[in-house]
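Colleague: What follows is a single structure, and I will ask about it in a moment.
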Amino acid sequence: PKSIPALFSGELKDIAVLMPQIGDLLENFFGRRVRKNLWNTWGSLYGMLPKGGDAIWGSGADLDEIIDPTPTIVWNNGTEEFCSSSLSTSIVENTTPTDEKIDNGFTDEELELYIPASRQWTMNETIDHILRTGGGYGSRIESIFSFDSKQGWKERSSSANKRKHWHDPVASPLPNAPSLKMYCLYGTGLPTERSYYYQLSCDKVSASKDVDVDRTCTAGDSETTCSNGTGDSDGNPPESPFYIDVAAKNDLRNITSGVRFSDGDGSVPLLSLGYMCQKFAEPRSKHNPSGIKVFTRERKHDAEISLTDPGRGGPRSGEHVDILGNVGVIEDVVRIATGLEVEEKVDKDIIVSDLKNIVQRLDEHPSGGLKHVLI
């Protein structure tokens, strides 16, 4: 989910939290609109968007409470009105998420400023909006990546469209390689971004929608409709009208600075790290047709502060990158590479999180789990 705010509003959790401390400094030199336009050109960020849609992310199985559907973005304006006069009502009528592309005659910039009336967006609705806008890159990305896991599962392996689903383990089975072994090595026990609380600034919607940020101005252009792609005299593009609501906080629901957290390795939630590994390991799994042996080896984050190595979390860190220095992970990798006592020491699961219960809750949910992909 960390790629969602980057593509959606040009924000990262750490940047959003820092804004009150550093004031306008960052916005003046590297504002949200600039960051968003830059990051939307990075195709790899689209590939990092969560897989499986609402069937995986909509049940809240990995959270302390079950909300159906579990929102990915909550609009936290405190009012039912979302700048109702800022855009034509025909945009509202024509941008309801559907399975078909609708040519409604509006530009990507206009659609980007439209926020549907719903105060909560599911994962499907969030990704749909990103692909519909994306600074003009969203529609191009759809020729490379598809996020329709159900359609991807139906595609024949020989189909030209199948390649658009290779990034999605929910839509693509493991290869036919019965002698292969698969090891899932990752850390847990760290608060990890799961969903977001946003606010919409109506005055910035009004200011942004009147500026053409994609063309060079001429002497005859009005300053109100063209400013050489900038929103002010200092050369800064108009600021994104929506932003993470850092005031949103609820300790009981693991909400801090506008971000709701779940278990994970600090970057990737446990739902992404472990769910498919558990499903691959099930007997007669359709996602593992040749019966590849799959082992899950979790490492509980246990940080240590070392004066000789202050930049790391110590030999038992489970953090996303730092886990490469985890002694347990290093031992597993060396044994796998050398074949030394692999079956005795490595070919067994280590589950230290609530993964088993999360998988069970997700699969038992009436609208969750792989059953909604395989139909």
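The values are calculated or read from the model by the stated rules, or taken from the named source; none is laboratory data. Computed from a predicted model, the values in this text were never measured in an experiment. Neighbour counts run over all protein chains shown; Cβ positions are idealised from the backbone, glycine included. In case anyone asks, the SASA skips ligands and DNA or RNA and just uses the protein heavy atoms, side chains included. Shrake-Rupley method; radii C 1.70, N 1.55, O 1.52, S 1.80 Å.
Colleague: For the stretch 2-29, which positions are at pLDDT 75 or above and either farther than 19 Å from residue 257 by Cα or open to solvent by less than 30 Å² (accessible area, probe 1.4 Å) (or both)?
Modeller: Passing the criteria: 3, 4, 5, 6, 7, 8, 9, 10, 11.
Colleague: How about the stretch 247-281: which of its residues are among the hydrophobic types (A, V, I, L, M, F, W, C) and either part of a strand (DSSP E or B) or touching a Leu at 6+ places or on another chain (Cβ under 7 Å) (or both)?
Modeller: Selection gives 255, 259, 261, 270, 280.
Colleague: Mind checking which residues of the stretch 137-182 are over 24 Å from the mean Cα position of the chain (by Cα) and within 15 Å of residue 49 (Cα to Cα)?
Modeller: none
Colleague: Of all residues being open to solvent by less than 50 Å² (accessible area, probe 1.4 Å) and not acidic (Asp, Glu) in the stretch 152-166, which is farthest from residue 346 (Cα to Cα)? Just the residue, please.
Modeller: Of everything passing the filter in the stretch 152-166, 159 is farthest from residue 346 (Cα to Cα).
Colleague: Kindly indicate whether any position in the stretch 237-245 is open to solvent by 50 Å² or more (accessible area, probe 1.4 Å), assigned to a loop (DSSP other than H, G, I, E, B) and modelled with pLDDT under 95.
Modeller: Within the stretch 237-245, one or more residues are open to solvent by 50 Å² or more (accessible area, probe 1.4 Å), assigned to a loop (DSSP other than H, G, I, E, B) and modelled with pLDDT under 95.
Colleague: Hey, another quick one. So in the stretch 286-326, with the set limited to residues that are of a type in the set (Val, Ile, Thr) and open to solvent by 80 Å² or more (accessible area, probe 1.4 Å), which one is farthest from residue 270 (Cα to Cα)?
Modeller: Taking the stretch 286-326 first, the residues of a type in the set (Val, Ile, Thr) are 292, 294, 296, 305, 308, 321, 323.
Remaining after also requiring open to solvent by 80 Å² or more (accessible area, probe 1.4 Å): 305, 308, 321.
Numbers: 305: 25, 308: 31, 321: 15 Å.
Checking each candidate, the answer is 308.
Colleague: In addition: All but one of (1) closer than 22 Å to residue 52 by Cα; (2) in contact with a strand residue (DSSP E or B) (Cβ under 7 Å, 6 or more places away or on another chain) hold for residue 329; which doesn't?
Modeller: Result: residue 329 passes all but (1).
Colleague: Is it true that residue 36 is touching a helix residue (DSSP H, G or I) at 6+ places or on another chain (Cβ under 7 Å), at pLDDT 75 or above, surrounded by 14 or more Cβ atoms within 10 Å (Cβ to Cβ) and farther than 23 Å from residue 271 by Cβ?
Modeller: Answer is yes for this residue.
Yes/no per residue for (1) at pLDDT 95 or above; (2) touching a Pro at 6+ places or on another chain (Cβ under 9 Å); (3) on the phi < 0 side of the Ramachandran plot:
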{"position": "250", "(1), (2), (3)": "no, no, yes"}
{"position": "255", "(1), (2), (3)": "no, no, yes"}
{"position": "265", "(1), (2), (3)": "yes, no, yes"}
{"position": "269", "(1), (2), (3)": "yes, yes, yes"}
{"position": "273", "(1), (2), (3)": "yes, no, yes"}
{"position": "300", "(1), (2), (3)": "yes, no, yes"}
{"position": "303", "(1), (2), (3)": "no, no, yes"}
{"position": "312", "(1), (2), (3)": "no, no, yes"}
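Colleague: I'm checking my understanding of the structure. Among residues of the stretch 39-67 that are acidic (Asp, Glu) and outside any helix (DSSP H, G or I), which one is modelled with the highest pLDDT? Walk me through it before giving the result.
Modeller: Step one: of the stretch 39-67, the residues acidic (Asp, Glu) are 54, 62, 64-65.
Retained after the next criterion (residues that are outside any helix (DSSP H, G or I)): 62, 64-65.
On the way: 62: 93, 64: 76, 65: 75.
Only one residue fits best here, namely 62.
Colleague: Residues that are in contact with a helix residue (DSSP H, G or I) (Cβ under 9 Å, 6 or more places away or on another chain) and among the aromatic types (Phe, Trp, Tyr): does the stretch 255-270 have at least one?
Modeller: Checked the stretch 255-270: no residue is in contact with a helix residue (DSSP H, G or I) (Cβ under 9 Å, 6 or more places away or on another chain) and among the aromatic types (Phe, Trp, Tyr).
Colleague: Restricting attention to the stretch 337-356, which residues are open to solvent by 70 Å² or more (accessible area, probe 1.4 Å) and of a type in the set (S, T, N, Q)?
Modeller: Result: 338, single match.
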